[in-house]
Structures are given as structure tokens and as C-alpha cells.
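Some notes on the structure that comes next.
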Amino acid sequence: MGKLRFATLSAMGIANAHIKGIINNPDTELIAVCDVDPKRIAAQLELNPGIRTYSDYRDVLKCDDIDAVVVTAPDQWHCEMSVAALKAGKHVLCEKPMALSWEECQKMVQAGRETDRKFMIGQVCRYAPGFVKAHELVKSGAIGELFFVESEYAHDYSKIPGYGGWRLDPRRHGFLGGGCHAVDLLRWIAGDPVEVFAYANRKMLSDWPTDDCTVAIMKMPDNVIGKVFVSTGCKRNYTMRSVFYGSKGTIICDNTSPELTLFSTDNPDGFTKPQAIPIDVNNHNMTAEIREFTDCILNDKPIKTTSLEGAKTVAAALAAVESSKTGMPVRVNYDF
């Protein structure tokens, strides 16, 4: 098989990082870009002369010379586009969150099971160097047995409602739309939360339809406690500061910091001199996503961030949203 031929379904914001990953990969080729906005199409033609452009994603799916698509459209379109692409025989890389409802996730998982195409969800935090190193250290036993894990997603949305206001959709709660990053990170490192309890308020983006601050406490496997803090109205720089506490040490990391901090009982100086581990700052490492997705297709390897993985992250996030509304703990439904 020659180069894997790609199209992106949308040229919005994050699509540019995927397009960069496709263009810079020796095993892939960008064939087409689809978007409803003529200005974004014109910008892509200027950057990538020679590509084909479309305004209707269904026309892209009819093309026999396109092997794979990246669904970078707003979250509201993830289910419809992904399912249609799979049924059209395309491999699919879908941006996070996988979908905005449990039912949509179920439909997408089922569509993936009914085809032999590769279906990957773009949980990009699993490719951020700092989090990759944290995962490696935890799994190697460097900090012993986990007992508490926490992550936060702090990102001021006040100036970025999204094209056409797609972030203002009442179905796109901030804890799901952005907070899914933090939820997925904890799932990846500590396992699937069994039960969630959350509090939320709306004191910053009071004219938005959903709460802008949520704190969720999670009952994780092996009696580990998890915490996720999400603020979409905070007044600070973007961060996903995360901390992992174990019986032999602690890891403090971020996806925007040039180093990871490791406290360890194995350090002869004790905790007075924590180890600073240099980290590349690459918090939207779509190049690595494209590389892995392409390798899985060309060499028929199993996808790691499968549709089931994406669905589980959505399920846990939705449980937190439900809990914040009902004031009751919610068991997470992973029965996809």
C-alpha cells in the first residue's frame, strides 16, 4: 500500500494541527479539506495549493481516492460524520469529546464494531510529553501504589464561543467539552471511575447555558480517589496541571510546562530535592496522533484510543454533570 490518503471534515482551529501532522508524515498525503466557511477554505488553499475542497462532507465520503478522514468539525457533528464515514468504508480519526450524549457514543461504538475500518478517538492528552512521562512513571512503579490522582482543565472560554456559537450549545457542558481531557487522563493512568459526585456553579459565564465551574470527586479502581476540576470562565492562562500521589512519591506535571516534578522516597536527599525532569511542551500533539493512526492502518495494528475508550470518557464526564444537577452520586454506565 502506498501513502495513506486523508481528508479533514472541517478546517476549524484544531484541524490545522491535524493537517500539519498529515503533511509532515512521509506515509500520508492530504487530498482534501471540507468546510462550510469559504474563508477557511480559501485559507487552506493558500497554505496547501492543489488540494481539493468541499463544502459538504458527504461529497468527500464518495471519493474512492480518500482512505481516511479526520473529523474536526464541532462536537455536535462527531456522531453523524463518523458513522457515515465508517459506513462509506473510510478509516476515522474523530476529535474529542467523542460525542455529546451517551446514546450517540453507543451508536458510534456499534458502527465501529460493524466495520473492518480503524476508528480512533483523538484523546490528545495521551500524546502530550508530560503526561506520557507521568503515565510511564506510574506504570513502572516509580511512585508506588496510587492513592489519589487529580487533574484540572482551566481554560477561559469567554472570548471563544466558537464559530456559530457551537460552544454555547446547552448539550456541550464545559465538563464534557473541555474537561473530558482531564477525565480521560485520569482514566488512562488510574482506571475507570466507578462512581462520581460533583458540585458546580455559574459565576463567571453567567450568560452561558451551562455551569462554568465543576469539581468532581471520583471513586477509582483499587480504592484510589480521583478529583477533576474544570473551569471555563477562570481568569488565568490555560493549564491542565495534574498530580499523582503514590506510596513512594508524587508526580506534578502539566501539558504546558517544560518540566515534570518527581518526589520519590528513592531519592537519597529525601523530598528536599525533588527531581525536575525536562519535558517537551507539545500540548496539542496531533502529529503523534496521526503517526500512530497511520501506523495502525498501514500495519494493521490495534487502535489504543478506541471508540470504546472515547465513549467511557464521555460516560464518566456525563456522570459528573448529572451529579452536579441532582446532588447525588452517580454510577458510571460503561455498558456500550
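The values are calculated or read from the model by the stated rules, or taken from the named source; none is laboratory data. The structure presented is a predicted model; accordingly, all values stated were derived computationally and were not measured. Virtual Cβ from ideal backbone geometry, glycine too; neighbours counted across all protein chains shown. Keep in mind that these areas ignore ligands, DNA and RNA; they rest on the heavy atoms of the full protein, side chains included. Shrake-Rupley method; radii C 1.70, N 1.55, O 1.52, S 1.80 Å.
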Need the failing condition index for Y163 against (1) modelled with pLDDT of 95 or more; (2) out of contact with any helix residue (DSSP H, G or I) (no Cβ under 8 Å at 6 or more places or on another chain), just the number. (1)
For residues that are farther than 16 Å from T326 by Cβ, out of contact with any Cys (no Cβ under 8 Å at 6 or more places or on another chain) and surrounded by 14 or more Cβ atoms within 10 Å (Cβ to Cβ), tally how many sit in the range 198-208. 2
Restricting to the range 209-224, and then to whatever is among the charged types (D, E, K, R) and not in a loop (DSSP other than H, G, I, E, B), can you tell me which residue is surrounded by the fewest Cβ atoms within 10 Å (Cβ to Cβ)? D222
Residue in the range 138-164 that is nearest to M240 (Cα to Cα), counting only those that are open to solvent by 20 Å² or more (accessible area, probe 1.4 Å) and outside any loop (DSSP other than H, G, I, E, B): E152
Odd one out for S206 among (1) part of a helix (DSSP H, G or I); (2) free of Cβ contacts under 8 Å to residues at least 12 places away in the same chain: (1)
Looking at D64, is it touching a strand residue (DSSP E or B) at 6+ places or on another chain (Cβ under 8 Å) and of a type in the set (D, E)? no
